[in-house]
Amino acid sequence: PDIKAMAALASIAIPSLGKNPHIQFYRKGRHNKVYSISSAESNPEDFKYLFRVCKPYDSCLKISSEVATMTYLRQETTIPIPGIIAYDPLPENYLGYAWVIIEFVQGQTMNEVWYGFSVKEREDICHQMKGYM
């Protein structure tokens, strides 16, 4: 994706970033690429937002579904879910891809740590997740 187009969209969605926010590659997933967003004046490592761009073959329904699910979970449960800042599920936009900007939440993904837990710890996590509902 075009970094300048991403920066323009980010500056509109998050005016406090200024006109030229810093966009930096963060991670690659199976179906998307993720970029960190920070203001031009701050250290790029001190970012508070992520810009996720879906690959072209992904359905626009995927982003819409994810946004709806995250919004519902954030409003109806106590699960710590990043806030949705802005999104466009249709690739016919300024960027040319479906995208979403979310708040960054510091930590590790469950996928990164799950197999390091004992069976008892996994059971406890499942009970904790059940308690969120």
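Separation of the range 23-44 from the range 101-133 is 23 Å, based on Cα centroids. Here the range 72-102 is scanned for amide nitrogen atoms under 15 Å from the site 7 Å beyond the Cα of SER16 along Cα-to-Cβ, giving 83-86, 102.
The count of lysine pairs in the chain whose Cα atoms are under 22 Å apart, excluding pairs fewer than 8 places apart on the same chain, comes to 13. Reported value for the chain: 120 Å³ per residue, from the convex hull of its C-alpha atoms. Figure legend: label point modelled 7 angstrom from the Cα of SER42 along Cα→Cβ; residues of the range 17-36 with amide N under 19 Å from it are 17-27, 34-36. Applying 0.36 nm per residue to the separation of ALA8 and GLU121 and subtracting their alpha-carbon distance, the gain on full extension is 36.3 nm.
Remark: relative contact order (the chain) = 20 percent; criterion is Cα-Cα distance under 8 angstrom and separation of 6 or more residues. Accessible surface of the range 53-133, 1.4 Å probe: 58 percent of it comes from carbon and sulfur atoms. Under a no-solvent Debye model with one identical scatterer per Cα of the range 52-107, what's log10 I(q)/I(0) at q = 0.21, 0.24, 0.26, 0.29 Å⁻¹? Rounded to two decimals, the profile gives -0.78, -0.93, -1.02, -1.15.
A straight chain from LYS55 to GLU92 at 0.36 nm per residue would run longer than the Cα-Cα distance by 12.0 nm. Per residue, the chain reaches -10500 deg cm²/dmol at 222 nm when only DSSP H runs of four or more residues are counted, each adding -39500 (n - 2.57).
The values are calculated or read from the model by the stated rules, or taken from the named source; none is laboratory data. It should be emphasised that the depicted structure is a prediction, and the values quoted were computed from it without experimental measurement. Note: ideal-geometry Cβ built from the backbone for every residue, glycine included; neighbour counts use all protein chains shown. When the accessible area is computed, the model is the full protein with side chains, heavy atoms only, and any ligands, DNA or RNA have been set aside. Shrake-Rupley method; radii C 1.70, N 1.55, O 1.52, S 1.80 Å.
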